[in-house]
Amino acid sequence: MEIVLGKYGGFCFGVKRAIQLAFEKGERHDGSIYTLGPIIHNPQVVEKLDSLGVREVSDLDEVANPSESAVIIRSHGVGPQVYDRALAMGVAVEDATCPYVKRIHSIVTDLVAQEYQVLIVGEPDHPEVVAIKAYAGEHGVVVEHPSDLESIKLARKTGVVAQTTQSQEKLQQVVSALLAKRNSEVRIFNTICDATDVRQKEAVEIASGSDVVLVIGGRKSGNTNRLAEICIGIQPDTYHIETAAELQTEWFRGKQRVGITAGASTPDYLISEVIEVLQRISRENSGKT
């Protein structure tokens with residue numbers, strides 16, 4: 001059984017940067033360290049950080065001894081109100097917001113200053129989208145599906161940005177639906193991360209040439225879920241797993257080629273563990289020991 005691993009799976013630049021910061025802080029034990037929300041959408045990494053004393057909180061009010069504590073802002077970013085609140089509390093902020101996400105914040109701030117309505121293509125409850133919406137304030141509207149535009153009162157001037165991990169197809173669908181309404185002025189910013197685009201294109205190639213596909217990553221990870229959606233649309237025998245422990249031998253009986261891709265928040269060691277188990281399954285299925 002041939003095992004084909006995509007070249008672009010695993011930590012993206014923004015996630016790697018946030019993870020390095022969190023582990024450095026945890027290993028130094030510089031006072032009480034917290035992350036505002038899970039540092040990434042991968043429970044195994046969050047557990048490792050917790051073992052180092054880096055605690056996850058959902059709100060700044062959960063931070064004990066604020067003046068002696070630091071909070072790490074994850075790669076998804078937060079709204080401006082969170083920075084203001086941390087300053088007022090005396091909590092030190094370690095900002096690991098992805099630079100590509102910060103660029104969206106800057107674009108949105110400029111659009112709002114010019115009195116544009118801001119359409120944010122993304123998942124309403126995703127932390128990155130929540131933060132972008134906070135910068136847009138009352139000017140911001142989240143669009144998850146093109147059909148959402150039917151219930152949105154469009155302004156004379158409209159700007160469009162996208163969650164960095166959205167698919168190009170979804171963005172194009174929303175933009176096409178918006179342009180069909182012939183608004184007087186529309187400004188479109190393709191803010192989908194290059195790493196996201198490359199991974200999704202590679203996922204198409206992997207799924208097209210494989211008998212079975214494994215997508216490795218957290219089930220709460222938006223970009224991993226999108227990779228799984230892409231793959232299952234091409235190869236129905238696609239399985240979204242978080243760890244090697246979920247692998248089932250029967251998935252691979254009679255299969256000649258297994259394709260593997262992984263989300264931007266999936267550590268290399270989890271990918272390696274999956275490959276190791278796959279190699280064992282391959283030997284067992286072929287009658288070798």
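Filtered by the rule that a residue be surrounded by 14 or more Cβ atoms within 10 Å (Cβ to Cβ) and of a type in the set (D, E, K, R), the stretch 176-196 gives a lone residue, R187. Within the stretch 87-106, the set of residues being touching a Lys or Arg at 6+ places or on another chain (Cβ under 9 Å) and buried (at least 18 other Cβ atoms within 10 Å of the Cβ) comprises V91, A96, T97, C98. Residues in the stretch 151-177 that are in a strand (DSSP E or B) and within 22 Å of A203 (Cβ to Cβ): A162 alone.
Screening the stretch 52-150 for strands (runs of 3 or more DSSP E) wholly inside it with 1 or more residues that are farther than 27 Å from K25 by Cα, within 24 Å of the chain's Cα centre (by Cα) and among the aliphatic types (A, V, I, L, M) returns the ranges 117-121, 140-143.
Comparison of Q166, Q173 shows that the only residue that is within 16 Å of S75 (Cα to Cα), of a type in the set (S, T, N, Q) and surrounded by 15 or more Cβ atoms within 10 Å (Cβ to Cβ) is Q166.
Only the coordinates and a few stated rules stand behind these numbers; no lab work does. Owing to the predicted nature of the structure, the values given are computational and were not obtained by experimental measurement. Don't worry about glycine lacking a Cβ; one is built from the backbone with ideal geometry, like all the others, and counts go over all protein chains shown.
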